[in-house]
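The values are calculated or read from the model by the stated rules, or taken from the named source; none is laboratory data. Treat the numbers as computed from the prediction; the structure is a model and nothing was measured. So basically every Cβ, Gly included, is an ideal-geometry build from the backbone, and we count neighbours across all protein chains shown. The area values use the complete protein model at the heavy-atom level, side chains included, leaving out ligands, DNA and RNA. Shrake-Rupley method; radii C 1.70, N 1.55, O 1.52, S 1.80 Å.
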Amino acid sequence: MTDSNPSPRTMLSKIWSDHVVAQEPESPAVLYIDLHLIHEVTSPQAFAGLREAGRQVRRPDKTFATMDHSTPTLALDLNLVNKMAAAQVRQLAKNCKEFGVTLYDLQSDRRGIVHVIGAELGLTQPGMLIVCGDSHTSTHGAFGALAFGIGTSEVEHVLATQCLLQTKQNSFEVRVEGKMDPGVTAKDIILAVMAKIGVDGGNGHVIEYTGPAIRALDMEQRMTICNMTIEAGARAGMIAPDDTTFEYLAGREYAPSGKAWDAAIDHWRQVATDEGASFDRRVTLDAGELEPMITYGTNPSMGMPLGDRIPTLDQFSDVDQRQSVEKALKYMDLEPGQSLLGHEIDVVFIGSCTNSRITDLRLAAGILDGRKVAEGLRMLVVPGSQSVKRQAEAEGLHEIFLKAGAEWREAGCSMCLAMNGDELEAGQYGVSTSNRNYEGRQGKGGRTFLASPLTAAASAVRGAITDPRTLL
Amino acid sequence: MEKFRKLTSHVVPLAEKDVDTDQIIPARFLTVIDKLGLGEHLFEDWRNLADGSPNPEFVLNRPEVQGAQILLAGSNFGCGSSREHAPWALMDWGVRAVISTSFADIFRNNSLKNGLLPVIVEAEAHKELFGIVAQDPQAEVTIDLVSQTVSFGNGHAVNFPMDPFAKLSLLEGVDQLGYLLSMEGKIAAYEASHDGS
């Protein structure tokens, strides 16, 4: 190295500059994409664009597809979803065949939610630039990758050129000090971050999570945190790679092996933010002060510790925010100042790219073991991938769920966005481990409380919103 | 992509902040494999009551906004899902520009790729615009992309920011894919120096 004292750089800056193909004046950067993930909902128009123009997929070897959003979870039979959803799934198969893209289709043992399988197949690696036509692509940042969601036009751009036009975002450090108490999970950390910075608090930024509480998390919990970063408007969340990351990746199907593995580790260790690098914005939280969180409103930032009361409207000094909460509470049929503990619920959903991995299922099963789901309550457990499903079955978790009276399903996005027929009915209350509590997100007229797998499982047992620490 | 230069229209006012793309176009309408006809379901669950009949309270159902090409929206418009079906649905209904104090990043990107202009104005002008429209639902607003101005009321005009690259693409109506394709030499060189490393 000629420069003995280079200025310290953030992980974002390093990965960004490693991927700049071109940067002309008054233009966005042309960035090279290492991994492009595809699913059935946001890709058909992009493939149609290629076909119309007679173009090919430039790098099918860097492009991987799966079907997850509108697939059935009762059984792997397309007759179980509506005709349009089935047609869209079949279109993906047709497109992948025509353009030579690897597809993990409905019958594949590697299929699952795109953000679950990317990691478990070892496709997601530190230092990479990863995109997918899906906002929760932020999940992959847990490995020290720069990963963000794109629209369908951009999916077409990447298919055709393996590149994307981007303007660099600002950097935002969210530091989490301390140590979590039992009963508190990564989901509670991210819901607390949301409540602190707001639903638009991350707009224009990429968030890097740092601090001892983040270092202590396993890869699946780190994915939960990065996954929900988009809910604050930040397109990407990142966590520096470390031994936890490398141990997770070792031996996975697409991870490097042999000599290439050693070289990769050397490279990956360089990815982390340098000591003393400056961020455009910083926020600090203390994990030791956190309690299990729950949302009360209709965006993920309207959340609070389980034991708190819903804020009263006079607590909001901003008029727009006050009106927004007022409208949300009307939709949720809840009162300002009300406690949510003991609030009766109809449905519990364990699943989604936020919380459907094996450790999430183990947490839920730990609560349900030897207990029953409350009478009249419907509980769906939807593993994030067929691989997670196999692992859970090998551990006997499915028997715990079934014995408790829950439904054990095939992998997919399911009730997170209710495209496949798994949905809340109008007026129903659900506690969900997913990422969005928007009006109607989980079914028209349905009302969602977002929470951790522990809180969701405990609430299923009692039939009402429950602090999981009472059942640990 | 459709060209965008100058647009004069009355306005659809939608004051809610943090309007997410699930409201703009609910997920159950995303099973399409083309971009057509999504305007029919724009704000479907706000437009219709539980029994399926139109909600007379919702702004899109009011007679005075029919034919409007500008949506005046609350802050952080288009948050949440990356679905490009949101700008497709807005455009299919007839919207060509959205004015707000801020937009979610992915929605803004997607809009610019389709010729739907996201116009960011300061809070003061934003409030003034809502006031004008409340007083006269037929009040016309002009958005001029060349001069990057929004004019309303007695010749009052405010500037809005727009990155030069997106501006040029919109003025010419060219898809940004063309620019990327023109980078072929550099892309190949990047691949040659990185593949297998």
task: Go through (1) of a type in the set (A, V, I, L, M, F, W, C); (2) modelled with pLDDT of 95 or more; (3) open to solvent by 20 Å² or more (accessible area, probe 1.4 Å) and name the single condition residue B:160 misses.
output: (3)
task: Evaluate the range B:163-170: report whether one residue or more is touching a residue at least 40 places away in the same chain (Cβ under 8 Å), polar (S, T, N, Q) and at the interface with chain A (Cβ under 9 Å from one of its Cβ atoms).
output: no
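Mind counting the residues in the range A:178-192 that are of a type in the set (D, E, K, R), in a helix (DSSP H, G or I) and over 18 Å from residue A:457 (Cβ atoms)?
Of the range A:178-192, the ones of a type in the set (D, E, K, R) are A:179, A:181, A:187-188.
Cutting the leftovers down to in a helix (DSSP H, G or I) gives us A:187-188.
This time we only want the ones that are over 18 Å from residue A:457 (Cβ atoms), so: none.
Final tally of qualifying residues: 0.
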Positions within the range A:302-326 being touching an Asp or Glu at 6+ places or on another chain (Cβ under 7 Å) and within 14 Å of chain B (Cβ to nearest Cβ), in sequence order: A:324
statement: Exactly one of A:127, A:149, A:141 is away from chain B (no Cβ under 14 Å) and under 24 Å from the mean Cα position of the chain (by Cα), and that residue is A:141
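Rundown of residues vs (1) hydrophobic (A, V, I, L, M, F, W, C); (2) free of Cβ contacts under 8 Å to residues at least 60 places away in the same chain, yes/no style:
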residue	(1), (2)
B:124	no, yes
B:132	yes, yes
B:137	no, no
B:141	yes, no
B:154	no, yes
B:184	no, yes
B:188	yes, yes
task: Considering only the range A:229-338, give the strands (runs of 3 or more DSSP E) lying wholly within it that have at least 1 residues that are open to solvent by 10 Å² or more (accessible area, probe 1.4 Å) and of a type in the set (S, T, N, Q).
output: A:281-286
- line: Checked A:85, A:22 against criteria (aliphatic (A, V, I, L, M), open to solvent by less than 20 Å² (accessible area, probe 1.4 Å) and in contact with a Lys or Arg (Cβ under 7 Å, 6 or more places away or on another chain)); the one match is A:22
message: Of everything in the range A:40-74, what is in a loop (DSSP other than H, G, I, E, B) and within 11 Å of another protein chain (Cβ to nearest Cβ)? Give them in sequence order.
response: A:40, A:41, A:42, A:43, A:55, A:58, A:59, A:69, A:70
task: Looking only at the range A:55-80, count how many residues are surrounded by fewer than 20 Cβ atoms within 10 Å (Cβ to Cβ), among the aliphatic types (A, V, I, L, M) and without any contact (Cβ under 8 Å) to a residue 40 or more places away in the chain.
output: 1
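Name the residue that is surrounded by the most Cβ atoms within 10 Å (Cβ to Cβ), counting only residues in the range B:1-15 that are at pLDDT 95 or above and within 13 Å of chain A (Cβ to nearest Cβ).
Going through the qualifying residues, I end up with B:14.
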- request: Find the strands (runs of 3 or more DSSP E) located wholly in the range A:99-164 whose residues include 2 or more that are open to solvent by less than 10 Å² (accessible area, probe 1.4 Å) and touching a helix residue (DSSP H, G or I) at 6+ places or on another chain (Cβ under 7 Å), and list them.
  value: A:129-132, A:146-149
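Does residue A:174 satisfy being in contact (Cβ under 8 Å) with a residue 24 or more places away in the chain, within 11 Å of chain B (Cβ to nearest Cβ) and surrounded by 24 or more Cβ atoms within 10 Å (Cβ to Cβ)?
No.
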query: Quick one: in the range B:49-86, which of the residues that are exposed (fewer than 14 other Cβ atoms within 10 Å of the Cβ) and of a type in the set (A, V, I, L, M, F, W, C) is farthest from the other protein chains (Cβ to nearest Cβ)?
result: B:49
query: Across the range A:88-97, which residue is farthest from residue A:421 (Cα to Cα) among those that are out of contact with any helix residue (DSSP H, G or I) (no Cβ under 8 Å at 6 or more places or on another chain) and surrounded by fewer than 18 Cβ atoms within 10 Å (Cβ to Cβ)?
result: A:97
query: Give me the pairs: first residue in the range A:364-392 and at positive phi, second residue aliphatic (A, V, I, L, M) and open to solvent by less than 20 Å² (accessible area, probe 1.4 Å), beta-carbon distance under 9 Å, and six or more apart or on different chains, which are they?
result: A:370/A:404
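Residue by residue, here is whether (1) within 14 Å of another protein chain (Cβ to nearest Cβ); (2) aliphatic (A, V, I, L, M); (3) open to solvent by 20 Å² or more (accessible area, probe 1.4 Å) holds:
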| residue | (1), (2), (3) |
| --- | --- |
| B:92 | yes, no, yes |
| B:106 | yes, yes, no |
| B:117 | no, yes, no |
| B:121 | no, yes, no |
| B:130 | yes, no, yes |
| B:142 | no, no, yes |
| B:148 | no, no, yes |
| B:151 | no, no, yes |
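Which one of these is among the charged types (D, E, K, R), under 18 Å from residue A:199 (Cα atoms) and at the interface with another protein chain (Cβ under 9 Å from one of its Cβ atoms): B:45, B:34, B:18?
B:18
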Any chance residue B:138 is in contact with a His (Cβ under 7 Å, 6 or more places away or on another chain) and surrounded by fewer than 16 Cβ atoms within 10 Å (Cβ to Cβ): yes
- line: Note on the range A:371-405: residues touching a helix residue (DSSP H, G or I) at 6+ places or on another chain (Cβ under 8 Å) and small (Gly, Ala, Ser) are A:374, A:384, A:385, A:387, A:392, A:404
